[in-house]
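Note sheet for the following structure.
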Amino acid sequence: MTQWIGETFTSDVGWNHLESLVDIGDRMAGSDGEREAAELTRDALERVGARDARIEEFDVQGWTRGDSEIRAGETVQSSIALPRSPDAAATGELVDLGYGLPEDFEETDFEGKVVMVASNVPDYYDRFIHRREKYYYAVEGGAAGFVFRNHVEGCLPPTGSVGTAEDPIGDIPAVGVSKEVGARLSRRFEGEEVEVSVEADVHDATSQNVHAELGPDTDEEVLVTSHVDAHDISEGAMDNGAGTAMVVEMANALAEREDELDTKVHFIAYGAEEVGLVGSGYDADVRDFDSIKAIVNNDGVVRGRTLSFHTHGFDALASAAEDVGADFDHPVKTIPEQGPHSDHWPYVKWGVPGFHVMSETGDEGRGWGHTYADTLDKLEVRDLREQAILLTELTVRLAGEEFEVGHADSEEIAAALEDEDQAAGMKIIGDWPYDE
């Protein structure tokens, strides 16, 4: 029992793979770098002993950034385009809507204007409001342009995609600016005319999912997942090189414990997560949900030392994670609410039991994520190793014959989203899949 723990705690397999991923450079969806990351991940899974390591391709809307700028008065303010912004320019009066809460949009006439909102929500607010939700409130109200202001200090403009599954390219030009630039724009130019312009190349492209397996060849399977793509402006170490490194490290440990697995473990490293969960959506469209026992989706691990688990109302999953934490005398946090913003969601929204595994950072929002500062030096190999031990043990238990978790009805998931006040935002961005 304890030998695999020692081997995992001294393993360099996952960390070495993380270094390989961040050294690629641009891993944007549909890029050559994303393809290289997928091939490296396939090869790494094969080396640790997973079988049938393979790549499955799918079409994706490619997007390559060019220049962007905000012209205010006689000045040009520093900005970066938000992926899937249209190649376009817009001029209008600048309106600072603060946090960009739904009520901020409802109470303001911003038609024909350039809307600026922050990347966070206030402490008193009961839910996170995703960037795309704020963007489509602006679109619905007739805004001419969209400015996304970081709430993290450090002169770091945030990135993050706009667009929907049905219409991947957004409706109005959208840029990210740092907290400092946003403060300057609000102080000096609110109420004055500004121009937002984005240059971007929109093209057809190909992305890919990586697959491999361990354990018995059962019809039922446990999915262990991550995404290999990252935003083009940074190394993508936290989001989500660390998650893919975790999948490789878990495969390395599970290969040593393969005889303990009662259920097949299916590893998937998705492509094109950052542009709307395209890779996982592609896989979910062709997968038999009844065959999926549970999902362990790694997106946000290693950023902090304590693991957190969105459990989506599945009490058996919460108990399993808490039991592992207790047995290893290691703190974990479980979050029962729905979390619709990573690669577990195309399955969980239809009632498949799934974790979104992250880690506690003590910071609000993504912190360094989606900025130039998402780099390897922010992470520690100790955290990767410790968390790999916990998640490997959790996966063995999920794959055990004695572990049972029932699927939910999609109506239950929809009702939970309504109760948590998440439904309205999902509807405006086109992510609401349920019949009204």
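Key figures for this structure:
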read-out	value
Size of electric dipole in the stretch 246-390: Cβ of Lys, Arg +1 and of Asp, Glu -1, about Cα centre, debye, nearest 20	260
Long pairs among LYS264/LYS293; LYS179/LYS427; LYS349/LYS427, criterion Cα-Cα beyond 18 Å	LYS179/LYS427
The chain: angle of helix 131-140 to the longest principal axis, Cα-based, in degrees nearest 10	40
Charge context of GLU420, other residues only, Cβ under 9 angstrom, K/R +1, D/E -1	-4
Among GLY362, PHE314, LEU277 - extreme Cα towards positive end, dipole of the stretch 264-367, charges at beta-carbon	LEU277
Global geometry of the stretch 298-436, whether rounded, prolate or oblate, following the gyration tensor of its Cα atoms and the 1.5 cut on a/c	oblate
Nearest-20 debye value, the stretch 315-436 charge dipole, Cβ charges on Lys, Arg, Asp, Glu	540
Whole-number accessible area per residue in Å² for the chain, which is evaluated in the context of all protein chains at 1.4 Å	38
Loop-located GluC sites (Glu not before Pro) in the stretch 343-431 whose Cβ has at most 16 other Cβ within 10 Å (DSSP)	GLU364, GLU380, GLU401, GLU402, GLU404, GLU420
Karplus (6.51, -1.76, 1.60) ³J(HN,Hα), θ = phi - 60°, over the stretch 113-119, in Hz, Gly and Pro reported as x	10, 9, 9, 10, 9, 7, 8
Carbon plus sulfur fraction of accessible area for the chain, probe 1.4 Å, in percent	42
Cα shape, the stretch 129-232, gyration tensor, a/c 1.5 rule	prolate
Gyration tensor verdict on the stretch 1-159 (Cα atoms; rounded if a/c is under 1.5, prolate if a/b is larger than b/c, oblate otherwise)	prolate
Whole-Hz ³J(HN,Hα) from phi, Karplus 6.51 cos²θ - 1.76 cosθ + 1.60, for the stretch 193-204, glycine and proline x	6, 10, 10, 10, 9, 9, 10, 8, 9, 9, 7, 6
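The values are calculated or read from the model by the stated rules, or taken from the named source; none is laboratory data. Note that this is a predicted model, so its numbers are computed, not measured. Neighbour counts are summed over all protein chains in view; Cβ atoms, including those assigned to glycine, are modelled from backbone coordinates with ideal geometry. Ligands, DNA and RNA are excluded from the accessible area calculation, which covers all protein heavy atoms including side chains. Shrake-Rupley method; radii C 1.70, N 1.55, O 1.52, S 1.80 Å.
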